[in-house]
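Notes to accompany the following structure.
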Amino acid sequence: MAKRLQRSIAYSCIAGIALFPALSANAAQVELSVYKSSNTPAANCPQKVIVTEQNAPYYEGGYTINGSAKLSSFAEPFTISNTDPFSVTWVANLKPAFSKCIAAGSIVKSGSEDKNSDFHLRVRFTGGKVFLILDMTGLKDANNFFPVITKKGVTAGNPTWSWGGTD
């Protein structure tokens, strides 16, 4: 009886480990539409910016979202220009073809889901630079706390981040 229980537990653990990657591997492409300034309608600007956000493995009491942006098609390597408890801003020089762009953008889609109120990621193009902003202002988690940015960095010239909250 004890051996059968041990085997059942072992098989359950193996099955759980096999399922675990499927549960945590739900990366979503997050699309930010870019809206040009009416003052510079002829400027060459990207039409959209695509970043990736993915749920980290679940842990009891909270959640974490990991993100990254590979924007080398129009920008040089990024650095962090500003940070506070609510937000982080990355900045990069625009490549010459995009250097006259004056525009702003916000999230319009996450995965296959249209978004019209989730603006934790924004982008600005001005002064020959691009700014990617991760901002928790105005967001709340299930317990009415604002989500916290837990990681902010640059990997191989690209912005990387993690943020999370309580559930």
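Side notes on the structure shown:
- Being acidic (Asp, Glu) and within 15 Å of the chain's Cα centre (by Cα) is a property that Asp135 has.
- Only residues that are buried (at least 17 other Cβ atoms within 10 Å of the Cβ) and over 17 Å from Asp118 (Cα atoms) were counted in segment 144-153, giving 1.
- Ser106 passes every criterion in (1) touching a Pro at 6+ places or on another chain (Cβ under 9 Å); (2) within 23 Å of Tyr35 (Cβ to Cβ); (3) among the small types (Gly, Ala, Ser) apart from (1).
- Top-ranked residue in segment 91-103 [being open to solvent by less than 30 Å² (accessible area, probe 1.4 Å) and of a type outside the set (Gly, Ala, Ser); ranked as farthest from Val130 (Cα to Cα)]: Cys101
- Single unsatisfied condition, Asp118 versus (1) within 14 Å of the chain's Cα centre (by Cα); (2) at pLDDT 95 or above: (2)
- Filter pass, Lys152 being of a type in the set (D, E, K, R), modelled with pLDDT of 95 or more and not in a strand (DSSP E or B): no
- Lone qualifier among Asp118, Asp141 - being over 18 Å from Ala75 (Cβ atoms), assigned to a loop (DSSP other than H, G, I, E, B), open to solvent by less than 50 Å² (accessible area, probe 1.4 Å) and in contact (Cβ under 8 Å) with a residue 24 or more places away in the chain: Asp141
- Strands (runs of 3 or more DSSP E) contained in segment 26-90 and holding at least 3 residues open to solvent by 20 Å² or more (accessible area, probe 1.4 Å), within 15 Å of Gly105 (Cα to Cα) and touching a residue at least 24 places away in the same chain (Cβ under 8 Å): 27-36
- Of the residues making up segment 121-138, just one is touching a Leu at 6+ places or on another chain (Cβ under 8 Å) and not in a strand (DSSP E or B), namely Gly128.
- Residue count for segment 104-115 under the criterion of being open to solvent by less than 70 Å² (accessible area, probe 1.4 Å), part of a loop (DSSP other than H, G, I, E, B) and among the small types (Gly, Ala, Ser): the result is 1.
- Note on segment 121-130: among residues that are open to solvent by 40 Å² or more (accessible area, probe 1.4 Å) and in contact (Cβ under 8 Å) with a residue 12 or more places away in the chain, the one that is nearest to Tyr35 (Cα to Cα) is Arg124.
The values are calculated or read from the model by the stated rules, or taken from the named source; none is laboratory data. Model, not experiment: these values are computed from the prediction. Reconstructed Cβ throughout: ideal geometry from the backbone, glycine too, with neighbour counts over all protein chains shown. Keep in mind that these areas ignore ligands, DNA and RNA; they rest on the heavy atoms of the full protein, side chains included. Shrake-Rupley method; radii C 1.70, N 1.55, O 1.52, S 1.80 Å.
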